[in-house]
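Data block below; observations after.
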Ligand code: ADP
């Protein structure tokens, strides 16, 4: 028995040493919800299904989805950071060309992963393999909106959905 003691001690020491690593790994991976909007160019081109299947294939679960006609008021809220820019009117017109499909996706690190899959704002500069790079046209007609932070995702879920519509 005496002989086992040092051995037990070293196992315990190893476990304690590993604890911070386990904590670190857990903090790198968070279950999140994020909002996407299939913009009128995606709806018009019949790309909603193709884009959605990329997300489902990446283990992002549909937690909510509906088709809505956006109006000036909700667009002023949603694009508040762009309202004073000269091209805001053009964006608002574009976003009202057809109804859009709004969805909530849920998965590990969903906010950053969905932004990564969407690609940068300018479709012409977006890499092939990204949604905007494969399907988008330019800076404005870029197929998809995706929440940029966990906090804006929370605000956007509440902007577009009532609690009973999110599953
Ligand atoms: P992102 O959608 O990549 O987060 P922003 O929040 O900056 O980009 O812009 C919101 C949307 O407004 C863009 O997705 C795009 O449709 C449009 N937009 C942004 N900048 C421009 C621009 N310079 N010219 C035309 N449209 C733009």
ask   = Could you say which residue among 144, 60, 82, 75 is surrounded by 15 or more Cβ atoms within 10 Å (Cβ to Cβ) and more than 18 Å from the chain's Cα centre (by Cα)?
value = 75
ask   = Just to be sure, is residue 108 modelled with pLDDT of 95 or more and near the ligand (Cβ under 10 Å from one of its atoms)?
value = no
request  = Go through the stretch 136-167 and count every residue that is in a helix (DSSP H, G or I), in contact with a helix residue (DSSP H, G or I) (Cβ under 7 Å, 6 or more places away or on another chain) and within 15 Å of residue 79 (Cα to Cα).
outcome  = 2
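Test residue 92 against the criterion of being in contact with a strand residue (DSSP E or B) (Cβ under 7 Å, 6 or more places away or on another chain) and surrounded by 13 or more Cβ atoms within 10 Å (Cβ to Cβ), and give yes or no.
Values: in contact with a strand residue (DSSP E or B) (Cβ under 7 Å, 6 or more places away or on another chain): no; surrounded by 13 or more Cβ atoms within 10 Å (Cβ to Cβ): yes.
Judged against the criteria, residue 92 is not a match.
Table: residues versus (1) more than 22 Å from residue 158 (Cα to Cα); (2) in contact with a helix residue (DSSP H, G or I) (Cβ under 7 Å, 6 or more places away or on another chain).
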{"position": "46", "(1), (2)": "yes, no"}
{"position": "75", "(1), (2)": "no, yes"}
{"position": "80", "(1), (2)": "no, no"}
{"position": "111", "(1), (2)": "no, yes"}
{"position": "119", "(1), (2)": "yes, yes"}
{"position": "122", "(1), (2)": "yes, no"}
key: Complete set of residues in the stretch 147-166 that are crowded, with 18+ Cβ neighbours inside 10 Å and more than 11 Å from the ligand (Cβ to nearest atom)   = 153, 156, 157, 160, 161
note = Those residues of the stretch 111-135 which are more than 8 Å from the ligand (Cβ to nearest atom), under 24 Å from residue 32 (Cβ atoms) and part of a loop (DSSP other than H, G, I, E, B) amount to 119, 126, 127, 129
key: Given (1) touching a residue at least 24 places away in the same chain (Cβ under 8 Å); (2) out of contact with any helix residue (DSSP H, G or I) (no Cβ under 6 Å at 6 or more places or on another chain), number of the condition residue 98 does not satisfy   = (2)
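The values are calculated or read from the model by the stated rules, or taken from the named source; none is laboratory data. Just so it is clear, the structure is predicted and the values come from calculations on it, not from any experiment. For neighbour counting, all protein chains shown are included, and Cβ atoms are generated from backbone atoms with ideal geometry for every residue, glycine included.
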